[in-house]
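Shown next, in structure tokens, is the structure this report addresses.
The values are calculated or read from the model by the stated rules, or taken from the named source; none is laboratory data. Quantities reported herein were computed from a predicted structural model and do not represent experimental measurements. Counting neighbours? That spans all protein chains shown, and the Cβs are built from the backbone with ideal geometry, glycine included. Ligands, DNA and RNA are excluded from the accessible area calculation, which covers all protein heavy atoms including side chains. Shrake-Rupley method; radii C 1.70, N 1.55, O 1.52, S 1.80 Å.
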Amino acid sequence: MNIRTKIFIANAVVSLLLLVVLTSTMSQFSSGIILDKAKEDVSYSISQLAQNIDSLLESYEKIVDSLYVSTELQDKLLRSYTNFRDAQETYLNYVQPYEEWIMTSRDILRFSIYTDNPTFQFAQVRYIDDEVKQSFWYKSTQGNAAALVKTWTLSQDDALLHNGVLRLTQKVHNANTGREMYLTIDIDDFLIRNLISRENEEQRFIIALPNGSVILDTGVPNPYQSKVMDLPFYDRIAKESLYSELYKDDNDEEYLLTAKTLGSRSSISGLKVIQLMPMDQMMGKVDQMKKLALLLLVISSIVSVIITFLISMSLTKRLMRFSSQMKTIDMENLTPTMEIKGRDEIAQLSEQFQQMMVRIHQLVHEVYVSDIARKELELSNREYELYALQAQINPHYLFNTLNAIRGSLLEKGDRENAEMIKLLAQSFRRVLHNPSEMILLSEDLEIVDAYLRIQVYRFGERLKYEIEVPRQLLSVSIPRLSLQTLIENTINHALERTEGGIQITIRAYKESERCVCITVVDNGPGITRERLADIESLMNDRTTTVKSKHVGLRNLHQRLQHMYGKDYGIRLESVEGLGTRVSLLLPTTADKEGDSC
């Protein structure tokens, strides 16, 4: 994938992610705004509806107040009449005009007066008998007289009236006689239903009287026998004068539930106006907004991708041209290519590249070409001789031979011996890789590790080894193959002398600030005291060359003392039957002879 494609994809992905996040955030934010606006509008609407209902009911209450303040009419209604003529004359002159005024002033279904005067009974003036006392409206006026001057009830036991008729009852107490009378006005519930606007017909409205009787429920055909307390959400709205929150019914349909409780007068204190707006109706606007946002996202994404592609083309055009020119360079003829014009970093890079090519071209012709031409004849004359010599001394000849043997063993399925040949080749490569006399401890450990792995193939479970050297001591200088000598001595004199197995542990630590101690410890048969004394005497013998099994230890010990001084070299410790510990004492740095541990 070239840089142009990478820049285009990166910019396109970033732009699209930003657009998606922005669109999603704005959609959610807008949804919240729409919901808050809907709550505000519905709260205002239901408050206005409640105010209109309050005003409507108040207008009827003002009508019945006229009897409450007319003591003269009260006296005439409560007076005892000895003959029907006097009672009729009072009815025609006082009660009938009052009745006609009431019936013509508003939309009223029926107007009635109830008294405990048996001598004054007409069509609209009735006596309070046992039947009246058992009626629902009468019972609702009993009890706390101070709070029940006016009451609104739902007509339930009047055969002459249909369902949904509201009855306003005015309780009148005549101070002169100490007697009571009642004035009732019946109105149709369509007066309240007409207050709900047509545009809200899809919403559910519930209106309940203070006693809990539902007088209007647009979601139920005949709600007159129900109570507002039976609604599943009543507990939410019971104690709130204005409530507006989301509500989900048993069918998982979500509504915006808004309720307003009236309390302006004692007669309507507790009257509730409830509105349930389906969220689907409100979310239609949200869905339209989301569709518009999605359309804008698609358009913005297409425009963003096009603009990103054009910008990436413009930015990488010269860079791609520069790359193609570099690919066409002839390594045999380093000539300058076409220079890319401009004032930015790409132009500067192109200019520097051209200068570099010119300089390399000059160096090739001035140095390498002339030198190669001069030595070409000499190399050709010695080619055969060098080839024969390399066959004898070049390590690659040995490595290739070992690898050929390993390949043959693998073809025959002898993986164990093939692995040993591989380790032997690696060991030779490490030995011959660095011809210097001093190498790092880490390099000598690699040689030892390869040697021990070969011995593991030889002895199997009889040989186990462990290398524990701190990282900070791996850079200590050590004469090459020093550890190899100690390990070979342990294998020859410890492992081969026992039929069981041994554990070899290689450790390194600082014995002092100027001395590093490298130990090779085994749990073999050990060395007797007499034999240990002979070996130590042999290692310190500088007279002549001696023949012994421990000549390797002797040579290494004397070599170290010659290089670093008498305080360095090899230290032997052994207990018969418990094992042997061989310590290699070296300076932490290339100290001069005479410095001690």
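Okay, residues lined up against (1) more than 30 Å from Arg179 (Cα to Cα); (2) modelled with pLDDT under 75; (3) open to solvent by less than 40 Å² (accessible area, probe 1.4 Å); (4) of a type in the set (Val, Ile, Thr):
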| site | (1), (2), (3), (4) |
| --- | --- |
| Leu18 | yes, no, no, no |
| Ser30 | yes, yes, yes, no |
| Lys37 | yes, no, no, no |
| Glu40 | yes, no, no, no |
| Ser43 | yes, no, yes, no |
| Ser55 | yes, no, no, no |
| Ile63 | no, no, yes, yes |
| Gln74 | no, no, yes, no |
Cβ-Cβ below 8 Å, separation at least six or inter-chain, first residue in segment 562-575 and of a type in the set (S, T, N, Q), second open to solvent by less than 80 Å² (accessible area, probe 1.4 Å): which pairs? Ser574/Gly526; Ser574/Ile527; Ser574/Leu532; Ser574/Thr580; Ser574/Arg581
Confirm whether Asn52 is under 29 Å from Leu216 (Cα atoms) and in a helix (DSSP H, G or I). yes
On the basis of being more than 30 Å from Phe111 (Cα to Cα) and either touching a Lys or Arg at 6+ places or on another chain (Cβ under 9 Å) or outside any helix (DSSP H, G or I) (or both), does Ser45 make the cut? no
Kindly provide the set of residues from segment 118-140 that are without any contact (Cβ under 8 Å) to a residue 60 or more places away in the chain and open to solvent by less than 50 Å² (accessible area, probe 1.4 Å), ordered by number. Phe120, Phe122, Gln124, Val125, Ile128, Val132, Ser135, Trp137, Tyr138
When you scan segment 489-534, how many residues do you find that are in a helix (DSSP H, G or I) and open to solvent by less than 70 Å² (accessible area, probe 1.4 Å)? 8
Which numbered condition Ser47 misses (of (1) surrounded by fewer than 14 Cβ atoms within 10 Å (Cβ to Cβ); (2) more than 27 Å from the chain's Cα centre (by Cα)): (1)
Residue that is farthest from Ile185 (Cα to Cα) [pool: residues in segment 77-112 that are assigned to a helix (DSSP H, G or I) and touching a residue at least 40 places away in the same chain (Cβ under 8 Å)]: Leu78
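Matching residues to (1) among the β-branched types (Val, Ile, Thr); (2) at pLDDT below 80:
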position	(1), (2)
Ser112	no, no
Asp130	no, no
Phe136	no, no
Ser140	no, no
Asp157	no, yes
Leu161	no, yes
Leu166	no, no
Met181	no, no
Ile185	yes, no
I'm trying to understand the selection: among the residues of segment 229-261, which are among the aromatic types (Phe, Trp, Tyr), in contact with a Leu (Cβ under 9 Å, 6 or more places away or on another chain) and not in a loop (DSSP other than H, G, I, E, B)? Tyr243, Tyr247, Tyr255
Enumerate the pairs (first residue in segment 218-231 and open to solvent by less than 50 Å² (accessible area, probe 1.4 Å) and at pLDDT 80 or above; second residue anywhere and in a helix (DSSP H, G or I) and among the hydroxyl-bearing types (Ser, Thr, Tyr)) with beta-carbon separation below 9 Å, excluding pairs fewer than 6 apart on the same chain, so at least 6 apart or on different chains. Val228/Tyr234
Selection over segment 445-494 where residues are over 52 Å from the mean Cα position of the chain (by Cα) and of a type in the set (D, E, K, R) yields a count of 5
From the residues in segment 556-590 that are more than 23 Å from Pro525 (Cα to Cα) and within 60 Å of the chain's Cα centre (by Cα), which one is most open to solvent (accessible area, probe 1.4 Å)? Ala590
Per the filter on segment 191-217, residues under 22 Å from Lys248 (Cα atoms), part of a strand (DSSP E or B) and open to solvent by less than 70 Å² (accessible area, probe 1.4 Å) are Phe205, Ile206, Ile207, Ala208, Val214, Leu216, Asp217
